[in-house]
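See structure below.
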């Protein structure tokens, strides 16, 4: 019981540390997104000598990069909080086996997060003038690759669980058959 209370305290402490950081990073990401929408149009007439581009584009790229950094922090904190919540959810379902079912449940959460992030990022990258469709396609394929890897791992995990259960049932049946033959 002490281990359980200790891990519950650790999870609570982790939530208390990560949740405010997640919220602040999300707010900062939204602020830089808003800046990337409103500031670059004010700089459309300012050329950058030697580069051959407008200042508006460079400011927009800078704002999007800073927004991306904050969104990566949000994603990192969200994944860790997702792990904690998945642990709680799986334990509430009564699964007390090794970490395999928990891992499969986490990977389902990861797939959902990947789909949401890709869906949110594609409209932003599609607005890039010359390379928007290319960036959108690259992000889609990267997200699809991650989803395929996670689905494969979920299938492998479920196969291992089912195989172990089948072996346990087969062992039970052979033991009962051997006991019947002895009688």
Residue list for region 10-58, filter: in contact with a helix residue (DSSP H, G or I) (Cβ under 6 Å, 6 or more places away or on another chain), over 30 Å from residue 76 (Cβ atoms) and part of a helix (DSSP H, G or I): 43, 55, 56
So if I check each of 124, 114, 128, 139, which one is within 30 Å of residue 59 (Cα to Cα), outside the structural domain of residue 80 (by TED's automatic domain parsing) and not in a helix (DSSP H, G or I)? 128
Could you check how many residues of region 143-160 are touching a residue at least 24 places away in the same chain (Cβ under 8 Å) and more than 18 Å from residue 109 (Cβ to Cβ)? 1
With the requirement that a residue be surrounded by 12 or more Cβ atoms within 10 Å (Cβ to Cβ) and over 30 Å from residue 82 (Cα atoms), what does region 112-130 give you? 127, 128
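The values are calculated or read from the model by the stated rules, or taken from the named source; none is laboratory data. Note that the coordinates shown come from a computational prediction; the quantities given were computed from them, not determined experimentally. Note that we place each Cβ from the backbone using ideal geometry, even for glycine, and neighbour counts take in every protein chain shown.
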